[in-house]
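For reference, the structure is listed below as structure tokens.
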Amino acid sequence: MSFTSEKKPTMIDDSPLYGSLIRWEEWSFTLLTSDLGARLIDLHEASLAELGRRFGGGIIPSEAKTALVRKEVEEYLAGRRKYFSCPLDLRGTTFQTSVWRELLSIPYGETRSYSEIAVAVDRPSAARAVGAAIGENPLPLVVPCHRVIGKDGALVGFGGGLRMKERLLSLEKRVLRGKRC
């Protein structure tokens, strides 16, 4: 797993990015990988051209270069995978990457509150900043930001929408109960 930590996040560099689509139920996700690993899962069906503008260059369509990550995400969405082993190419600030690392430690089928994440990253009064870092998570599903809920247990904030968040948490609970998806 590769984390690049800097004072300011960077999304523009010279490494080639490869893209493909993942479809699940009524949703479509755009997946980007670099030669280092998974870089982005866009939950809003952004086109490769649009993402290329955002990343400062063209995205190379490639089923082969995205195959491992796509396979693991598809297995997760089918209820056949609880843990990801694909390499990650996460880029963000030191604080963001500390929050994302903490998200990776949330066990499958469990949730944590923003406040609990803030305490875990040694910033107990920074629940809002944690929320902002989670909002910038470039790899939802793989870095499980859907497992973060409000202090009162309410489903709040998820880039794919609360309906998708609820569906992902429900999928995990069903798998843990041994029910097929």
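Bear in mind that the values in this text are calculations on the coordinates, not laboratory data. Keep in mind that what you see is a predicted model, and the values were worked out from it rather than measured. Note: ideal-geometry Cβ built from the backbone for every residue, glycine included; neighbour counts use all protein chains shown.
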query = Quick check: is even one residue across the stretch 95-107 in contact with a strand residue (DSSP E or B) (Cβ under 6 Å, 6 or more places away or on another chain) and hydroxyl-bearing (Ser, Thr, Tyr)?
reply = yes
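In the stretch 16-37, what residues are exposed (fewer than 15 other Cβ atoms within 10 Å of the Cβ) and either in a strand (DSSP E or B) or of a type in the set (Asp, Glu) (or both)? Break it down stepwise before answering.
Taking the stretch 16-37 first, the residues exposed (fewer than 15 other Cβ atoms within 10 Å of the Cβ) are 16, 23, 25-26, 28, 35.
Passing the criteria: ARG23, GLU25, GLU26, SER28, ASP35.
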inquiry  = Please go through the stretch 159-178 and give me each residue that is part of a loop (DSSP other than H, G, I, E, B), at negative phi and touching a Leu at 6+ places or on another chain (Cβ under 9 Å), ordered by number.
reply    = GLY159, GLY160
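Among the residues of the stretch 44-54, is there at least one that is part of a helix (DSSP H, G or I), among the acidic types (Asp, Glu), surrounded by fewer than 18 Cβ atoms within 10 Å (Cβ to Cβ) and out of contact with any Pro (no Cβ under 9 Å at 6 or more places or on another chain)?
First, the residues of the stretch 44-54 that are part of a helix (DSSP H, G or I): 48-54.
The next check asks that each one be among the acidic types (Asp, Glu); those that pass are 50.
Pick out the ones that are also surrounded by fewer than 18 Cβ atoms within 10 Å (Cβ to Cβ) and you get 50.
From what is left, the residues that are out of contact with any Pro (no Cβ under 9 Å at 6 or more places or on another chain) are 50.
Scanning the stretch 44-54, I find at least one residue that is part of a helix (DSSP H, G or I), among the acidic types (Asp, Glu), surrounded by fewer than 18 Cβ atoms within 10 Å (Cβ to Cβ) and out of contact with any Pro (no Cβ under 9 Å at 6 or more places or on another chain), so the answer is yes.
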query = List pairs: first in the stretch 33-51 and free of Cβ contacts under 8 Å to residues at least 12 places away in the same chain, second of a type in the set (Asp, Glu) and assigned to a strand (DSSP E or B), Cβ under 9 Å, 6+ apart or cross-chain?
reply = GLU50/ASP42
task = Check whether at least one residue in the stretch 78-92 is in a loop (DSSP other than H, G, I, E, B) and among the hydroxyl-bearing types (Ser, Thr, Tyr), and report yes or no.
result = yes
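Take the residues in the stretch 127-158 that are among the charged types (D, E, K, R) and over 16 Å from LEU90 (Cβ atoms); name whichever of them is surrounded by the fewest Cβ atoms within 10 Å (Cβ to Cβ). Step through it out loud before you land on a result.
Step one: filter the stretch 127-158 for residues among the charged types (D, E, K, R), giving 128, 136, 147, 151-152.
Now narrow it down to the ones that are over 16 Å from LEU90 (Cβ atoms): 128, 147, 151-152.
On the way: ARG128: 10, ARG147: 19, LYS151: 11, ASP152: 7.
That would be ASP152.
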inquiry  = So, in the stretch 118-158, exactly how many residues are among the basic types (Lys, Arg), part of a helix (DSSP H, G or I) and more than 12 Å from the chain's Cα centre (by Cα)?
reply    = 1
